[in-house]
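S.K.: Once you've had a glance at the structure underneath, I'll fire off some questions.
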Amino acid sequence: MIRLDKYLADAGIGTRSQVKQYLKKGMVTVNGQIQKRPEQKVTPGEDLILFQGKAVAYTKYEYYMLNKPAGCVSATRDSEHKTVLDYIDSRRDDLFPAGRLDRDTEGLLVITNDGALSHRLLSPAHHVPKSYFVRVSGCVREDAIDLCRLGLDIGDEKPTKPALLEILSAGESSELLLTITEGRYHQIKRMCHVLGHPLEYLKRVSFGPLALDDSLAPGQYRPLTPEEIAQLKNEENICCIIKKQ
Ligand code: URA
């Protein structure tokens, strides 16, 4: 059961204070009766709630794919920088990013209010694969592929778990596709540093079964499709062990 004003605000009818005004004016009915009390408890999916005579559908969870632009932080609020939530036009006040990308990193970030799913996706036990398009300075040699697969000492207690490196191009600077199953602090930056190739550009292109929708420019987002949500919830899709050999 949730408060009626939250139900209406989450469904996009208005802000909490607008919704309170609508309630006061008698514009909302619950199971056929005008209801003016914002604190009235209702059960989504059971109670019939009408606003100006039209049924108001409620979705408990929302899921978005954001192409995070550089320059904003993966947080719900920040006193200095824009946050990833500033790009999402939703009246919900309980959205958060499922995971973090550094301020200068671009790419795929899931924004949701589904805490249980986010917890599963971020749990180290699940080894969710995350692929990054990486540009580094210098010419990356083939032996970096084995080094990444065997695990790199990036200064933590343990070496990194096996990662898949694909060299897309190599020259004065090199372009790589790097897939990791962990989420350590600055992991890709530190891996590239240990390989001797300072990072120039980083963009996450996939997260578990989700691929970044390339019609989304940096700063744009869209709701996940029902198929994408089902794929994210499927345990088989989120566990991936990369073998050393
Ligand atoms: N690794 C990094 O170094 N930065 C990110 O934002 C993500 C992975």
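The values are calculated or read from the model by the stated rules, or taken from the named source; none is laboratory data. In this text, all values refer to a predicted model and were calculated from it rather than measured experimentally. Glycine gets a Cβ as well: all are built from the backbone with ideal geometry, and neighbour counts include every protein chain shown. What goes into the accessible areas is simple: the full protein's heavy atoms, side chains included, and nothing from ligands, DNA or RNA. Shrake-Rupley method; radii C 1.70, N 1.55, O 1.52, S 1.80 Å.
S.K.: Counting residues in region 90-231 as N, plug N into 2.2 N^0.38 Å and put the Cα Rg over that result.
M.R.: Rounded to two decimals, the normalised Rg is 1.10.
S.K.: Calculate one ³J(HN,Hα) per residue across region 18-35 by plugging θ = phi - 60° into the Karplus curve 6.51 cos²θ - 1.76 cosθ + 1.60, and present them in order as whole Hz with x for glycine and proline.
M.R.: For region 18-35, the Karplus-derived couplings read 5, 4, 4, 5, 4, 5, 4, 7, x, 8, 10, 10, 10, 6, x, 10, 4, 10 Hz, x marking Gly and Pro.
S.K.: Now for a separate question. Per 10 Å bin, what is the whole-percent P(r) computed from every C-alpha pair distance within region 1-103?
M.R.: Result returned by the calculation: 15, 39, 23, 18, 5, 0.
S.K.: Could you give me the radius of gyration and the Dmax of region 20-66, taking only the C-alpha atoms into account and expressing both in angstrom?
M.R.: 12.4, 40
S.K.: Which FRET efficiency value, to the nearest 0.05, is calculated for residue 127 and residue 220 with the Förster distance at 25 angstrom and r the Cβ-Cβ distance?
M.R.: Approximately 0.30, to the nearest 0.05.
S.K.: I would also like to ask the following. By its C-alpha gyration tensor, with a ≥ b ≥ c as the square roots of the eigenvalues, how is region 175-245 shaped: rounded for a/c under 1.5, else prolate for a/b larger than b/c, else oblate?
M.R.: Oblate shape, in that a/c is at least 1.5 and b/c is the bigger or equal ratio.
S.K.: Starting with the highest mean, order 70-81, 137-148, 185-196 by the number of other Cβ atoms within 10 Å, averaged over the residues of each peptide.
M.R.: 185-196, 137-148, 70-81
S.K.: Could you report region 12-126's accessible area per residue, 1.4 Å probe, as an integer in Å²?
M.R.: It amounts to 55 Å² per residue over region 12-126.
S.K.: What value in Å³ per residue do you get for the convex hull of the alpha-carbon atoms in the chain?
M.R.: Hull volume over Cα atoms, normalised by residue count, gives 147 Å³.
S.K.: Step through the residues of region 122-138 one at a time and calculate ³J(HN,Hα) from phi using the Karplus curve (6.51 cos²θ - 1.76 cosθ + 1.60, θ = phi - 60°), rounding each to whole Hz and writing x for Gly and Pro.
M.R.: Values, residue by residue: 9, 5, x, 5, 8, 6, 5, x, 10, 10, 10, 8, 10, 10, 10, 7, x Hz.
S.K.: Would you mind telling me the share, in percent, of accessible area of region 96-245 contributed by carbon and sulfur at probe 1.4 angstrom?
M.R.: Using a 1.4 Å probe with all protein chains present, region 96-245 comes out at 52 percent carbon and sulfur.
S.K.: Setting aside same-chain residues fewer than 8 positions from residue 25, which lysines have a Cα under 23 Å from its Cα?
M.R.: Within the straight-line cut-off, residue 25 pairs with 6, 36, 41, 54.
S.K.: So what's the net charge close to residue 74: Lys and Arg +1, Asp and Glu -1, counting the other residues with Cβ under 10 Å from its Cβ? Let's see the in-between values first.
M.R.: Working: positive: 68, 100, 103; negative: 78, 102.
Local net charge: +1.
S.K.: Where the accessible area of region 1-87 is counted over protein heavy atoms with a 1.4 Å probe, how much of it, in %, is carbon and sulfur?
M.R.: Of the solvent-accessible surface of region 1-87, carbon and sulfur hold 48 percent.
S.K.: Hey, if you put +1 on the Cβ of every Lys and Arg and -1 on every Asp and Glu Cβ in the chain, which of 211, 144, 79 ends up farthest toward the positive end of that dipole?
M.R.: 79
S.K.: With 25 Å as the limit, write out which pairs from 20/82; 20/68; 68/233 have Cα-Cα distances beyond it, or answer none.
M.R.: Beyond 25 Å between Cα atoms: 20/82; 20/68.
S.K.: Subtracting the Cα-Cα distance from 0.36 nm times the residue separation, let me have the gained length for residue 167 to residue 81 in nm, one decimal.
M.R.: Taking residue 167 through residue 81 to full extension adds about 27.6 nm, to one decimal.
S.K.: Can you give me the accessible area per residue for region 159-241, using a 1.4 Å probe, in Å²?
M.R.: 52 Å²
S.K.: Here's another thing I want to ask about it. As a check on your grasp of the helix formula, calculate [θ] at 222 nm for the chain: sum -39500 (n - 2.57) over DSSP H runs of n ≥ 4, divide by the residue count, round to the nearest 500.
M.R.: After summing the helix terms and dividing by the residues of the chain, the value is -5500 deg cm²/dmol.
S.K.: Within region 76-93, list the residues whose amide N lies under 19 Å from a label point set 7 Å along Cα→Cβ of residue 54.
M.R.: 90-92
S.K.: At what distance in angstrom do the alpha carbon centres of region 1-73 and region 92-164 lie from each other?
M.R.: Taking the Cα centre of each part, region 1-73 and region 92-164 sit 36 Å apart.
S.K.: Can you work out ³J(HN,Hα) from phi for every residue in region 5-11, in order, using Karplus 6.51 cos²θ - 1.76 cosθ + 1.60 and θ = phi - 60°, giving whole Hz and x for Gly and Pro?
M.R.: Running phi through 6.51 cos²θ - 1.76 cosθ + 1.60 with θ = phi - 60° gives 5, 5, 3, 5, 5, 5, 7 Hz.
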